[in-house]
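These notes concern the structure reproduced below.
Only the coordinates and a few stated rules stand behind these numbers; no lab work does. All values reported here derive from a predicted model rather than from experimental measurement. When we count neighbours, we look across all protein chains shown, and the Cβ atoms used for this are built from the backbone with ideal geometry, even at glycine.
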Amino acid sequence: MTDYKNLIDGEMVDNGEWLDVLNPANEQVVGRVPACGKDELDRAVAAARRAFKDWRKTSQEERQKVVHGIAAAIKDNADELFRLLTTEQGKPHAQAQQEIYGAAGLAAAQSTLTLDDVVNQDDDQRFSRTRRVPVGVVGGIVPWNFPVMMAIQKIVPALVAGCTIVLKPSPFTPLTTLRIAELIKDVVPAGTVNIITGEDHLGPMITEHPDIDKITFTGSTATGKKIMEGASGDLKRITLELGGNDASIVLPDADVEKVAEQLFWSSFSNAGQVCIAAKRVYIHKDIYDDLSKAIAEYAKSVVVGDGSQQGTGVGPIQNKKQYDRVLELIQDAKDNGYKFLTGGDKDPSGTGYYVPITILDNPPEDARIVAEEQFGPVMPLLKFDSIDEVIERANNSEYGLAGAVWTKDTDKGVEIAEQLETGTVWINEFMHLSPFSPFGGHKQSGFGAEYGVDGLKEFTYPQVITVKRDAVV
Ligand code: NAD
């Protein structure tokens with residue numbers, strides 16, 4: 001077992017109090033991280049504030065160089081990092097590898113984003129331009145499903161925009177992020193990036209800290225609402241990436257054999273613990289029987305187990321709380337007599353938070369497993385009749401994160417996409433995010449956006465400077 005330290009003001013430090021981190025595959029302690037409180041937070045914020053004075057004046061090239069250093073540190077140590085990520089998060093090695101390389105790629109790509117001045121007026125009377133200025137010290141709060149990717153997607157745009165940051169990983173998955181902190185300690189100027197760990201109660205301290213100017217948060221909608229409330233005291237800027245109950249819509253012209261495997265992984269990747277996983281799969285009645293059979297058949301070939309073992313496709317649920325919630329949803333489906341195509345029958349006791357691959361056959365629309373975000377390896381397949389009906393059902397949610405349409409007729413797919421109330425819609429794929437396109441939720445799935453120029457702007461204020469040309473002074 002290793003102790004992992006925090007990064008504050010360019011130093012790896014601890015406070016002598018520790019939190020255990022478990023491997024969800026066997027419930028063994030795999031590392032310890034500092035249990036921080038107000039004192040450590042104050043020190044980290046003060047360091048970020050001091051560093052902001054110089055960092056805000058750096059050029060795009062200087063910032064780019066630092067961010068490339070972060071990307072290189074991750075890439076050069078990818079082997080060690082992805083194994084550690086599997087150990088604390090549970091995801092299979094191949095998916096952990098994707099996250100680590102994806103985070104390095106995202107950092108490199110986002111370092112190229114620029115916020116150029118915009119000329120508003122240029123005539124005899126005035127020259128007016130809008131420039132973007134960094135908001136200041138950012139508080140970043142991250143969940144446990146993609147701990148590295150989420151940390152990088154907060155740290156990098158903050159730095160590129162000229163801000164400094166204090167980041168708090170989830171207490172369930174802080175290890176890989178702290179190992180990265182150690183690797184980048186001498187790459188980032190002291191105080192620009194601070195990473196501190198603690199239990200959930202550290203979150204509200206960040207949200208309400210008077211010397212933090214902006215919160216960027218990824219996590220549940222319930223916590224997002226608390227953050228909005230906490231940040232309102234001094235009107236901090238906020239970006240919230242929250243939950244989703246994303247619908248996939250499969251039209252009757254889709255090739256059953258070809259889409260079955262893709263649909264499976266759109267729901268079961270990372271054991272379903274993905275904000276943009278397909279959490280409701282609507283299949284047209286003409287192909288429902290064939291496609292549900294093909295998906296269930298494919299599911300039989302996928303191994304659920306320890307992510308560090310070769311051949312594992314679906315790892316454990318990341319933590320006990322989420323494990324209990326998923327089991328509760330499965331039990332609810334059983335109690336209501338819904339039909340299972342796979343899963344629902346295994347005794348979940350034993351070591352490790354494993355849930356069998358569970359596919360439900362056309363449960364009612366008001367079933368909890370359809371109406372709520374399951375965030376686990378459970379996929380409800382739902383039968384639909386007409387396009388208008390399925391659009392209404394897909395939109396009947398407080399969430400509005402993402403969705404997908406599967407069809408050979410891509411024009412039709414786009415026509416449907418335009419009627420879905422979500423921030424992202426894919427035609428014939430799922431979960432693809434580009435560093436250059438804004439990603440954000442409609443309705444209760446979020447506030448603002450990450451990624452792309454829109455995401456970068458959220459770390460800045462617009463400032464308009466106007467020169468009066470015909471003035472007499
Ligand atoms: P969570 O909201 O419980 O926790 C997220 C983070 O917030 C953790 O670091 C936690 O310590 C901290 N936190 C907890 N209470 C807090 C408070 N009162 N104030 C401030 N911070 C607090 O979420 P989770 O269970 O870690 O993650 C799962 C949820 O995240 C799911 O709903 C999922 O859909 C969502 N998610 C969304 C996206 C997205 O981009 N939209 C991505 C990943 C996950």
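What are the trypsin sites (Lys or Arg not before Pro) within segment 329-404 that DSSP puts in a loop, where the Cβ has at most 16 other Cβ atoms within 10 Å? If you can, show how the numbers build up before the last one.
On the way: sites: LYS334, LYS339, LYS346, ARG368, LYS383, ARG393; in loops: LYS346.
The qualifying sites are LYS346.
Bin width 5 Å, origin at 0, all Cα-Cα pairs of segment 109-185: what percent of pairs per bin?
Binned Cα distances yield the sequence 3, 14, 19, 18, 14, 9, 7, 5, 4, 3, 2, 1, 0.
If you take every DSSP beta bridge fully contained in the chain, what fraction is antiparallel? Give it as a percent rounded to 5. Numbers along the way, then the final one.
Values: 31 of 72 bridges.
DSSP beta bridges in the chain are roughly 45 percent antiparallel.
Taking a temperature of 25 °C and a viscosity of 0.890 mPa s, what whole-number D in µm²/s does Stokes-Einstein yield for segment 40-79 with Rh from Kirkwood over alpha carbon pairs?
Calculated translational D: 206 µm²/s.
If you average the sequence gap of Cα pairs under 8 Å that are 6 or more apart and divide by the length of the chain, what percent do you get for the contact order?
19 percent
Using a Förster distance of 35 Å, how high is the FRET efficiency between THR466 and ASP54, based on the Cβ-Cβ distance and rounded to 0.05?
With a Förster radius of 35 Å, E is 0.80.
Okay, helix-only estimate at 222 nm for the chain: each DSSP H run of n ≥ 4 adds -39500 (n - 2.57), divide by all residues, round to 500 deg cm²/dmol; what do you get? Display every interim value, and only then the final one.
Working: 15 runs with 179 residues, N = 473.
Calculated mean residue ellipticity at 222 nm is -11500 deg cm²/dmol.
If the viscosity is 1.306 mPa s and the temperature 10 °C, what Stokes-Einstein diffusion coefficient in µm²/s follows for segment 48-159 when Rh is the Kirkwood radius over Cα pairs?
Diffusion coefficient, whole number: 98 µm²/s.
I need two numbers for segment 160-206: Rg to one decimal and Dmax as a whole number, Cα atoms only, in Å.
Gyration radius and largest Cα-Cα distance of segment 160-206: 11.4, 30 Å.
Using DSSP to call loops (not H, G, I, E or B), can you name the trypsin sites (Lys or Arg not before Pro) in segment 38-93 whose Cβ has at most 10 other Cβ atoms within 10 angstrom?
Filter output for segment 38-93: LYS57.
Largest first and to the nearest Å, give the Cα extent of segment 200-291 along each principal axis.
For segment 200-291, the Cα extents along the three principal axes come out at 58, 20, 16 Å.
Restrict the search to segment 365-473; then list the chymotrypsin sites (Phe, Trp or Tyr not before Pro) that DSSP places in a loop and that have at most 16 other Cβ atoms within 10 Å of their Cβ.
Values: sites: PHE375, PHE384, TYR399, TRP406, TRP426, PHE430, PHE436, PHE439, PHE447, TYR451, PHE459; in loops: PHE375, PHE430, PHE436, TYR451, PHE459.
Sparse-neighbourhood loop chymotrypsin sites (Phe, Trp or Tyr not before Pro): PHE436.
Treating only the Cβ atoms of Lys and Arg (+1) and Asp and Glu (-1) as charged, compute the dipole magnitude of the chain about its Cα centre; round to the nearest 20 debye.
Dipole size: approximately 1260 debye.
Using square roots of five times the C-alpha gyration tensor eigenvalues, list the equivalent-ellipsoid semi-axes of segment 210-258 in whole Å, biggest first. Write out the running numbers ahead of the final one.
Numbers: eigenvalues 308, 19, 11 Å².
With the √(5λ) rule applied to segment 210-258, the semi-axes are 39, 10, 7 Å.
Over all Cα pairs of segment 3-96, how is the pair count split among 10 Å bins, expressed in % and running from 0 up to the last occupied bin?
P(r) for segment 3-96, in whole percents per bin: 14, 29, 35, 20, 2.
May I ask you to derive the FRET efficiency for THR351 and ARG126 from their Cβ-Cβ distance with R0 = 60 Å, giving the value to the nearest 0.05? If you can, show how the numbers build up before the last one.
Working: r = 71 Å, r/R0 = 1.18.
Computed FRET efficiency for THR351 and ARG126: 0.25.
Write down the radius of gyration of segment 154-260 and its Dmax, each obtained from C-alpha positions, in Å.
Values for segment 154-260 (Cα only, Rg and Dmax): 18.3, 57 Å.
How do MET228, MET1 line up, fewest other C-beta atoms within 10 Å first? Before the final figure, lay out each step's value.
Working: MET228 16, MET1 9.
If I rank by nearby Cβ atoms, fewest first, I get MET1, MET228.
Would you list the P(r) distribution for segment 346-428, with all Cα-Cα distances sorted into 10 Å bins from 0 and each bin expressed as a whole %?
Going out from 0 Å in 10 Å bins, segment 346-428 shows 15, 41, 30, 11, 3 percent.
For the chain, what is the per residue volume of the convex hull drawn over the alpha-carbon atoms, in cubic angstrom?
154 Å³
Cross-link partners among lysines for LYS383, C-alpha distance below 30 Å, same-chain residues fewer than 8 apart left out?
Within reach: LYS258, LYS279, LYS285, LYS293, LYS300, LYS334, LYS339, LYS346, LYS408, LYS412, LYS443.
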